[in-house]
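The structure appears below as structure tokens.
Coordinate-derived values only; no laboratory data. For clarity, every value in this text was computed on a predicted model and none was experimentally measured. Neighbour counts are summed over all protein chains in view; Cβ atoms, including those assigned to glycine, are modelled from backbone coordinates with ideal geometry.
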Amino acid sequence: MLARMTKVPWPGQWLVRDIFGNPFRSVVFSPSWRASTAIALAGQMYESRDFSAMPILADALQDAGCDNTDVLDHCRGEGPHVRGCWVVDLVLNKQ
């Protein structure tokens, strides 16, 4: 049965990945990465629901010492991103 299974994209998988990230990897987000620039960018995107600055957020996080490839790759990825994006929520310390 497993041999017959094929990888079929699910239309909503991008949304699940944007909100929850990779369910098979846990990300430890260092509080030191919450630099003022990163917080300001994340806050602006969260409020405006315009996530076009995600690559700039990646740069700000990297400048703050973030070296986590899951975080940086998510920010630099194609998206789309929505309110509830796991990286934005981590930067804003939303639970």
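Worth a mention:
- The ranking of Ser48, Ser26 by Cβ neighbour count inside 10 Å, starting from the fewest, reads Ser26, Ser48.
- Kirkwood hydrodynamic radius of the chain, from the reciprocal of the average inverse Cα-Cα distance over all distinct pairs: 13.9 Å.
- Positive minus negative residues near Leu57 (Lys, Arg vs Asp, Glu; Cβ under 11 Å): -1
- Local charge for Thr37 was computed over the other residues whose Cβ lies under 15 Å away, with Lys and Arg +1 and Asp and Glu -1, and equals -1.
- Across the chain, the longest piece that holds none of the trypsin sites (Lys or Arg not before Pro) lying in DSSP loops with up to 15 other C-beta atoms within 10 Å covers 50-82.
- Computed from point charges on the beta carbon alone (+1 for Lys and Arg, -1 for Asp and Glu), the dipole magnitude for segment 29-95 about its Cα centre is near 240 Debye.
- Between Thr37 and Arg25, the modelled labels are 2.4 nm apart [label points 7 Å from Cα along Cα→Cβ].
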